[in-house]
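A.B. asks: Following this message is one structure expressed as structure tokens.
The values are calculated or read from the model by the stated rules, or taken from the named source; none is laboratory data. Note that the coordinates shown come from a computational prediction; the quantities given were computed from them, not determined experimentally. With ideal geometry, Cβ positions are generated from the backbone for all residues, glycine too; neighbour counts draw on all protein chains shown. The accessibility values were calculated without ligands, DNA or RNA, using every heavy atom of the protein model including side chains. Shrake-Rupley method; radii C 1.70, N 1.55, O 1.52, S 1.80 Å.
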Amino acid sequence: MEQMTVNDVVKAAKGRLLCGDKNLPLLHISIDSRNVNEGDLFVPLIGEHSDAHAYLGQALSLGAAAVLTSEHDQMEDTHAWIRVEDTKKALQAVGAYYRDRLTLPLVGITGSVGKTTTREMIGAALSAGYRVYKTPKNLNSQVGVPLTLSEITPEDEIGVLELGMSMAGEMTVIAGIARVDAAVITNVGITHIEQLGSRENIYREKLAIQDGMREDGILFLNGDDPLLGQTKARGGRRTIYFGTGENSDYRAEDIRLEEGYPVFTAVCGSDRIPVRLGVMGRHNVVNAMAALAVADAYQVPLAAAAKALEAFEGFQNRQEKYERNGITIIDDTYNASPVSMLAELEVLESMKQASRRIAVLADMKELGPDGAAYHRQIGEWLSVHPPDMLFTLGELAGEIEAAAVKGGRTLVRYHFDQEDREGLYEKLVSVLKPGDCVMLKGSNSMKLGEVASRLVEYESGVDSPGKTGTVAAE
């Protein structure tokens, strides 16, 4: 935080200073007492299973200069204690207060899938013309966005913020804090449909990113999405479409995959720019077009933006590619939806130089009552585009396997119960040989990333499999 004092926090949160120096400067905000640094403001959040007020003493002992509290009315201490009614709402108020001080433009990103990748790609494209601040890690929630805003400095020239939601009304809260100058909606899918009930509800929730947007702001929409492609920005704001169709202002043409990597021509008005991405999958073409559209709107030369975009190679557990002992490992285990899983399977299919293509798929979560049907759709695709081997982990992923062999198709396959990651790992290691390409994909909660990490370590000569394991189906 820049030039924020205890008194600023008191004013922002409409709190009451119980003790301490009101003029004391504060350097950062922390919500984890284990990671508090000297000069921090510690905010004790109350969760479903814990109350961080229990760690106020620990935070102060590690150097916190001030703390919020909703459980104390009197205090005598050399540290600053600020009484508020609700610590979470107070954190949000401090984030909004800090936002008022910022003068750099902020671009907000939301969508059912691809938010983080699009955030990073937009940041890469904008870096050809600006010093870019991006949401760190996954701080995109009602709690994360105030923390994200508080770390922007005067040296930053443009901000790219990821805004996430999982329940009704959440985006309105987040958008009201961030108050972005421009917003990008990547797509409207079925992630979080359990909480929101329908795709139409998800669509309405995503559009709430416009709440608090500047009157002259820009809304960037995926023109390929059946709902977003028919949508206009509120209040007469400018609408820009990106995608692959003729209805998009920024569109990709001549798309092909070369060993999983997209190669295409970006058409932006009269400009035609050749692009080869450093991240895999046809779905990233649309993400790249979003990045080029935003870069162009902020006067970054498109050729320079495209070059910067090509240098982006992804990040942990999101399409990380490893070459180990002649084996190609594609780790895309951070999360999964039907759209992203099909896209990743298309990447696997495009790996023409591989002697064998091996798919390792785990459950996709939060798909509501139709979850089994969505998994069967993946299996039906595999029945037409079969890999050389199929590994599945979890009950829902078993639906993928069943649909993949429906009609009597022969497919080498292995199925494992959700907790039997060890068995999956050991069998996988036992069958791999040089020339293979193995792709791992599933929801983060399935912990398939642990298998991917061990596989990379094993093929690097670091790890070794155990001596026991079970094959659930073969």
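A.B. asks: Where does each of Trp81, Trp381 land when they are ordered by accessible area, with a 1.4 Å probe and the largest first?
C.D. replies: Ranked from most to least accessible, the order is Trp381, Trp81.
A.B. asks: May I ask for the distance between the Cα centers of segment 23-42 and segment 311-351, given as a whole number of Å?
C.D. replies: So the two Cα centres are separated by 38 Å.
A.B. asks: Let me ask you something else. State, as an integer percentage, the relative contact order of segment 148-260 based on alpha-carbon contacts under 8 Å between residues 6 or more apart.
C.D. replies: 20 percent
A.B. asks: Can you give me the % of accessible surface on segment 105-251 that is carbon or sulfur? Probe 1.4 Å, all protein chains present, nothing else counted.
C.D. replies: Carbon and sulfur atoms account for 47 percent of the accessible area of segment 105-251.
A.B. asks: In what order, largest first, do Lys115, Lys22, Lys88 sit by accessible area if the probe radius is 1.4 Å?
C.D. replies: Output order, biggest surface exposure first: Lys22, Lys88, Lys115.
A.B. asks: Could you list, in their original order, any pairs among Lys352/Lys441; Lys206/Lys365; Lys22/Lys89; Lys88/Lys115; Lys307/Lys433; Lys134/Lys427 whose Cα atoms are separated by more than 29 Å?
C.D. replies: Violating the 29 Å limit, Cα to Cα: Lys307/Lys433; Lys134/Lys427.
A.B. asks: Non-local amide H neighbours of Cys19 (under 5 Å, H modeled in plane, Pro and chain starts lacking H): which ones?
C.D. replies: Counting only residues 5 or more places away or on other chains, the set is Trp81.
A.B. asks: Related question: Pop out the carbon and sulfur fraction of the accessible area of segment 1-92 as a percent, whole number, probe 1.4 Å.
C.D. replies: Result for segment 1-92: 45 percent of the exposed heavy-atom area is carbon or sulfur.
A.B. asks: I've got another one for you. Given Cα positions, please report Rg to Rh for segment 186-318, the hydrodynamic radius being the Kirkwood one.
C.D. replies: 0.98
A.B. asks: Report, to the nearest 10°, how far helix 395-404 tilts away from the longest principal axis of the Cα atoms in the chain, using its own Cα long axis and a range of 0 to 90°.
C.D. replies: Helix 395-404 sits at roughly 30 degrees to that axis.
A.B. asks: Run the numbers on segment 324-474 and let me know its relative contact order in percent, using alpha-carbon pairs under 8 Å that are six or more apart.
C.D. replies: 36 percent.
A.B. asks: May I pose another question? Using only Cα atoms, tell me the angle between helix 421-431 and the longest principal axis of the chain; keep it within 0 to 90° and round to the nearest 10.
C.D. replies: In the chain, helix 421-431 runs at an angle near 40 degrees to the longest axis.
A.B. asks: Leaving out ligands and nucleic acids, note down the accessible area per residue over the chain with a 1.4 angstrom probe, in whole Å².
C.D. replies: 42 Å²
A.B. asks: Follow-up. Pop out the ³J(HN,Hα) list for segment 270-275 in order, Karplus 6.51 cos²θ - 1.76 cosθ + 1.60 with θ = phi - 60°, rounded to Hz; leave Gly and Pro as x.
C.D. replies: With the stated coefficients, segment 270-275 comes to 8, 7, 10, 10, x, 9 Hz.
A.B. asks: Can I ask one more? Distance between Cα centroids, segment 150-183 to segment 46-96: provide it in whole Å.
C.D. replies: Comparing the Cα centres of segment 150-183 and segment 46-96, I get a distance of 24 Å.
A.B. asks: Show me, for segment 110-120, the HN-Hα J-couplings you get by feeding each phi into the Karplus relation (A = 6.51, B = -1.76, C = 1.60, θ = phi - 60°), rounded to Hz, glycine and proline as x.
C.D. replies: Using θ = phi - 60°, the values come out as 9, x, 6, 9, x, 4, 5, 4, 5, 4, 5 Hz.
A.B. asks: Over segment 73-219, what is the relative contact order in percent, taking alpha-carbon pairs closer than 8 angstrom and at least six residues apart?
C.D. replies: 28 percent
A.B. asks: Express the carbon and sulfur contribution to the solvent-accessible surface of segment 319-474 as a percent, rounded to the nearest whole number, probe 1.4 angstrom.
C.D. replies: Whole-percent figure for carbon plus sulfur exposure: 46.
A.B. asks: While we're on this one: Would you rank Arg237, Arg119, Arg204, Arg324 by solvent-accessible area, highest first, keeping every protein chain in place and using a 1.4 Å probe?
C.D. replies: So the residues, ranked largest to smallest area, are Arg204, Arg324, Arg237, Arg119.
A.B. asks: Enumerate the calculated ³J(HN,Hα) couplings along segment 222-232 in order (Karplus 6.51 cos²θ - 1.76 cosθ + 1.60, θ = phi - 60°), each rounded to whole Hz, writing x wherever the residue is Gly or Pro.
C.D. replies: Here the 3J(HN,Hα) series is 6, x, 7, 6, x, 8, 5, x, 10, 9, 10 Hz.
A.B. asks: Taking the full set of protein chains and a 1.4 angstrom probe, give the accessible area of His28 in square angstrom, rounded to the nearest 10.
C.D. replies: Accessible area of His28: about 70 Å².
A.B. asks: Separate question: Return the long-range amide H neighbours of Cys268 (sequence gap of 5 or more, or a different chain), with a cut-off of under 5 Å between placed amide H atoms.
C.D. replies: Hits under the 5 Å cutoff: Ile273.
A.B. asks: Let me ask another. I'm checking a number: the convex hull volume of the Cα atoms of segment 1-78, normalised per residue, in Å³. What is it?
C.D. replies: Value for segment 1-78: 91 Å³ per residue.
A.B. asks: Hey, rough spin-label estimate for Asp73 and Thr265, points 7 angstrom out along Cα→Cβ, what's it come to in nanometres?
C.D. replies: Rounded to a tenth, the inter-label distance reads 7.4 nm.
A.B. asks: While we're looking at this one, here's another question. Specify the angular offset, from 0 to 90 degrees and rounded to the nearest 10, of the alpha carbon long axis of helix 338-349 from the longest principal axis of the alpha carbons in the chain.
C.D. replies: Orientation of helix 338-349: about 50 degrees from the principal axis.
A.B. asks: Could you work out the helix-only [θ] at 222 nm for the chain, with each DSSP H run of four or more residues adding -39,500 (n - 2.57) and the total divided by the number of residues, to the nearest 500 deg cm²/dmol?
C.D. replies: That calculation yields -9500 deg cm²/dmol at 222 nm.
A.B. asks: Next question, about the same structure. Of the listed values (1) 27.5; (2) 26.3; (3) 24.0, identify the label whose number matches Kirkwood radius over Cα pairs in Å calculated from this model.
C.D. replies: Checked against the structure: label (3).
A.B. asks: Tell me the accessible surface of Leu56 in square angstrom (1.4 angstrom probe, heavy atoms of protein chains only), to the nearest ten.
C.D. replies: Near enough 10 Å² of accessible area.
A.B. asks: Taking a probe of 1.4 angstrom, what is the accessible area of His72 in Å², to the nearest 10?
C.D. replies: 50 Å²
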